[in-house]
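Trainee: A single structure is presented below for examination.
The values are calculated or read from the model by the stated rules, or taken from the named source; none is laboratory data. The model shown is predicted, which means the values in this text are computed figures rather than measured ones. Virtual Cβ from ideal backbone geometry, glycine too; neighbours counted across all protein chains shown.
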Amino acid sequence: MNDREVGQVLLVEDNPHDVEVAMRAFRRHRLDARVEVVSNGADALDYLRAAERGERPLPLVVFLDLRMPDVDGIEVVREMRATGASRHVPVVMNSSSRQERDIEASYRSGANSFVVKRFEPERPGEYLIDVARYWLDLNEGVR
Amino acid sequence: MPSRPSRRDGAWSVATGAVVALASVGAWYSLEVIREEQNLKTTSQFARSIAGEIEWMLRDQIRASRRLARFWLRFGRQRWDEWEFDTRLYLENNGLDSAAWLDPKFTDPLWEVGLETPMQLAREDDRARLLEAQETTVREGTERIVGPFRLQDGDHGYFMTVPVGNSAALVAGKRLGPMFTSVLASHAEQCAMRVQYSNLVLFSVDRPECRSDIKGEAPIRVFDDQVGTLIIEPSTDVVDAGNPLSIVVLTGGLLTAVLLGGVMWTRGVTRAGAAALLGVNRRLEQSMSDARATEARVRELNLELESRVRARTAALNDAIEDLETFNYSVSHDLRSPLGAIINVTAIIEEDHGARVDAEARHHLKLIQNSAMAAITMMDSLLAFSRAGRSDLEARLLDVRGLVSSVWDELTSQDAGGKTVLKVSDLPRIVADPSLLRLVFSNLMSNALKFSKTRPEVIVEVGSRLENGQVVYWVRDNGVGFRKEASERIFKVFTRLHSTSLYPGTGAGLAIVDRIITRHGGRVWCEGAPDEGATFYFSLPGGDD
């Protein structure tokens, strides 16, 4: 756990365009955190289980795409909340739809926040920075 | 005219009386036969319509079972407690007898059962099919919903299962007995009835006053499989609600015979007169039997109509479900590629802005704006469809408070220009709080938008009572519209002004229309070019 001082952000996103936009925004703002990207739910769970075993630090926040093939966002957050140290890790659901049933299912499964993907040509991906700032700088999590 | 009847006249009157009497008996008999046939026909139609009702419910519940099984596949194993809680709600609201892991008695949910349990539940001739499904899922390592399978003969119903590896299976099922009770009980005042499966009586209602010589039968099928036969014996109210016509004809005819004989005896009426009377009698019988046939036909048509309405309702429900799925995927799957267009053009501008000439930049902007417009339109369309679909929550609302809070929200970011809100009497009303807020918000933001060129923007909100309804209005002093446009204006994506002058997608008024229609009210508008516009909507009720 030598890089405890540099927080981790885990971005779970299967759409490569969205990943690119997010990474550009993170790079531009030089957040005091390392962003790790996995492209599906199963990999996200593997990543978190490895972190629970102490093989890598637990992320300070997880940005989780809702709709992914096979293991979707809902399943990931349920699995996270069920056992282990990752049950306390804040999860921000990130979806392109704002359907009530998705929002409801997310919170019921244990998500901490729900953010609809925004497409703003003047500031592509910047909304993620706004959200990340809150979870990284202002929020106090379980250490 | 002779003062006493002659011997010849006497013979004639007896003969005429006898002929009329015979004709009456004949007419009575044939009417009885016709009535019997019609009663049989009506009864079996009635039976078919009840059986149709049962089949419709069954299909509905099989759909519910399938939804439940899908839900389990997705969430069931991760959160047992939540799954159990949701499942109970499902059971209560959908009339399923059981779900989740079940014991063979369909009473307690068991959370772990062996694969043999569904096998014990299934009827013998369905077991091969079940075994095959189980083996396939184990071999392929997949999980899917299989069924419906029929329950064993002693316990009529069906179940569906999700074979999971070697150890366990999910079962969602339904026993038919209680359902027969609920459907048939609603018709029990009219008929004696029972549901039979071969010789086994699954359900019966006995009504001693019901006729036993008329029986209607109809098969009850689920997925081409006959689960039983419905047999009904209707009471006379159902099949024979009219006058006992044949008795009237018989007594009328016999009476006519006696009277005719008597009259001829005393007055010596001629054969021609008797024949005329006979003719009248026949015509009378004919017209009564016509009326009877028409009545039976009307009853037949009514039954037919009922079953057709049921079929249409089922088809409509399916279509609505499809549409919801369609909306859902449109909102998600189309947003992503459009979003990528917006983001990628933004990236090109950012990374290569210096090297891209003005014309190319203009075209990039055009691509971006079009994608943005498409996303905005999709969002409006979804909002429009939501306005028609979400459940109404009726509450007594303080309309005055609602209007002023909407106004504050709309004018909070307004920098320049003078805007005035004039509110007159606004009674409270029972309506859905968030939907009525949306109505006022759409109308008032339109009022502001289309009067923004005025030196002083005046928005008036008021109401009046009209035919037991409350009519609210929102008026502005803006650019107005042509009278001819007032019909079109409520249609979705209809715009009367160019987007560059007055931005918007044209969904706002369509949403207002839909919300008010769902509340049992009506919307309309008045306006003239350059003379402002007034939008009205009526709502039933109002408390002061």
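Trainee: Looking at B:Val470, B:Val479, B:Val457, which one is buried (at least 21 other Cβ atoms within 10 Å of the Cβ) and touching a helix residue (DSSP H, G or I) at 6+ places or on another chain (Cβ under 7 Å)?
Mentor: Testing whether each residue is buried (at least 21 other Cβ atoms within 10 Å of the Cβ) and touching a helix residue (DSSP H, G or I) at 6+ places or on another chain (Cβ under 7 Å) leaves just B:Val457.
Trainee: Quick check on the range B:468-480: of everything there that is out of contact with any Phe, Trp or Tyr (no Cβ under 7 Å at 6 or more places or on another chain) and at pLDDT 85 or above, which residue is farthest from B:Gly527 (Cα to Cα)?
Mentor: Here the residue is B:Gln469.
Trainee: Now for a separate question. Considering every residue within the range B:529-536, establish whether at least one is at pLDDT below 80 and out of contact with any helix residue (DSSP H, G or I) (no Cβ under 7 Å at 6 or more places or on another chain).
Mentor: No, because not a single residue in the range B:529-536 is at pLDDT below 80 and out of contact with any helix residue (DSSP H, G or I) (no Cβ under 7 Å at 6 or more places or on another chain).
The rows are residues; the columns are (1) over 22 Å from the mean Cα position of the chain (by Cα); (2) within 14 Å of chain A (Cβ to nearest Cβ).
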position: B:Ala319; (1), (2): no, no
position: B:Gly339; (1), (2): yes, yes
position: B:Arg355; (1), (2): yes, no
position: B:Gln368; (1), (2): yes, yes
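Trainee: Inside the range B:195-233, can you point out the residues that are modelled with pLDDT of 75 or more and touching a Phe, Trp or Tyr at 6+ places or on another chain (Cβ under 7 Å)?
Mentor: Those that are modelled with pLDDT of 75 or more and touching a Phe, Trp or Tyr at 6+ places or on another chain (Cβ under 7 Å): B:Val195, B:Gly216, B:Gly228, B:Ile232.
Trainee: I would also like to ask the following. Tally the residues that are in a strand (DSSP E or B) and either under 21 Å from B:Phe384 (Cα atoms) or over 38 Å from the mean Cα position of the chain (by Cα) (or both), restricting the search to the range B:454-489.
Mentor: 7
Trainee: Something else about it: Quick one: what pairs do we get from the range B:454-482, first residue at positive phi, second of a type in the set (Phe, Trp, Tyr), C-beta under 8 Å, 6+ apart or different chains?
Mentor: From residues that are at positive phi, the pairs are B:Gly480/B:Phe450.
Trainee: On to the next question. Going by what's in this entry, would A:Ala22 be described as within 14 Å of chain B (Cβ to nearest Cβ), within 24 Å of A:Tyr134 (Cβ to Cβ) and either touching a Pro at 6+ places or on another chain (Cβ under 7 Å) or in contact (Cβ under 8 Å) with a residue 60 or more places away in the chain (or both)?
Mentor: Numbers: within 14 Å of chain B (Cβ to nearest Cβ): yes; within 24 Å of A:Tyr134 (Cβ to Cβ): yes; either touching a Pro at 6+ places or on another chain (Cβ under 7 Å) or in contact (Cβ under 8 Å) with a residue 60 or more places away in the chain (or both): yes.
Yes; evaluated as a whole, the condition is true for this residue.
Trainee: With touching a residue at least 60 places away in the same chain (Cβ under 8 Å) and among the hydroxyl-bearing types (Ser, Thr, Tyr) as the only criterion, which of B:Thr345, B:Thr376 stands out?
Mentor: Answer to the check: B:Thr376.
Trainee: From (1) in a loop (DSSP other than H, G, I, E, B); (2) farther than 16 Å from B:Lys422 by Cα, pick out the condition that doesn't hold for B:Ser451.
Mentor: (2)
Trainee: Among B:Glu304, B:Glu300, B:Glu321, which is closer than 30 Å to B:Gly26 by Cβ and either in a helix (DSSP H, G or I) or modelled with pLDDT under 80 (or both)?
Mentor: So the residue among B:Glu304, B:Glu300, B:Glu321 that is closer than 30 Å to B:Gly26 by Cβ and either in a helix (DSSP H, G or I) or modelled with pLDDT under 80 (or both) is B:Glu300.
Trainee: Residues that are buried (at least 17 other Cβ atoms within 10 Å of the Cβ), within 13 Å of another protein chain (Cβ to nearest Cβ) and without any contact (Cβ under 8 Å) to a residue 24 or more places away in the chain: find the helices (runs of 4 or more DSSP H) completely inside the range A:27-143 holding 1 or more of those.
Mentor: Filter on the range A:27-143 gives A:100-109, A:126-133.
Trainee: Here is a further query. Suppose the filter is farther than 21 Å from A:Pro16 by Cα, more than 9 Å from every other protein chain (Cβ to nearest Cβ) and assigned to a helix (DSSP H, G or I); does B:Arg361 pass it?
Mentor: Considered against the rule, which asks whether it is farther than 21 Å from A:Pro16 by Cα, more than 9 Å from every other protein chain (Cβ to nearest Cβ) and assigned to a helix (DSSP H, G or I), B:Arg361 comes out as yes.
Trainee: Still on this structure: If only one of B:Leu303, B:Leu397, B:Leu381, B:Leu284 is touching a residue at least 12 places away in the same chain (Cβ under 8 Å), touching a strand residue (DSSP E or B) at 6+ places or on another chain (Cβ under 9 Å) and either among the charged types (D, E, K, R) or away from every other protein chain (no Cβ under 12 Å) (or both), which one is it?
Mentor: Just a single option satisfies the conditions, and that option is B:Leu397.
Trainee: Go through B:Val249, B:Val238 for me and flag whichever is outside any strand (DSSP E or B), modelled with pLDDT under 70 and over 30 Å from B:Thr142 (Cα atoms).
Mentor: When all the criteria are applied, what remains is B:Val238.
Trainee: Here's another thing I want to ask about it. For the range B:39-46, check the following and say yes or no: at least one residue is over 30 Å from B:Asp318 (Cα atoms) and of a type in the set (D, E, K, R).
Mentor: Checked against the condition, which is being over 30 Å from B:Asp318 (Cα atoms) and of a type in the set (D, E, K, R), the range B:39-46 yields at least one hit.
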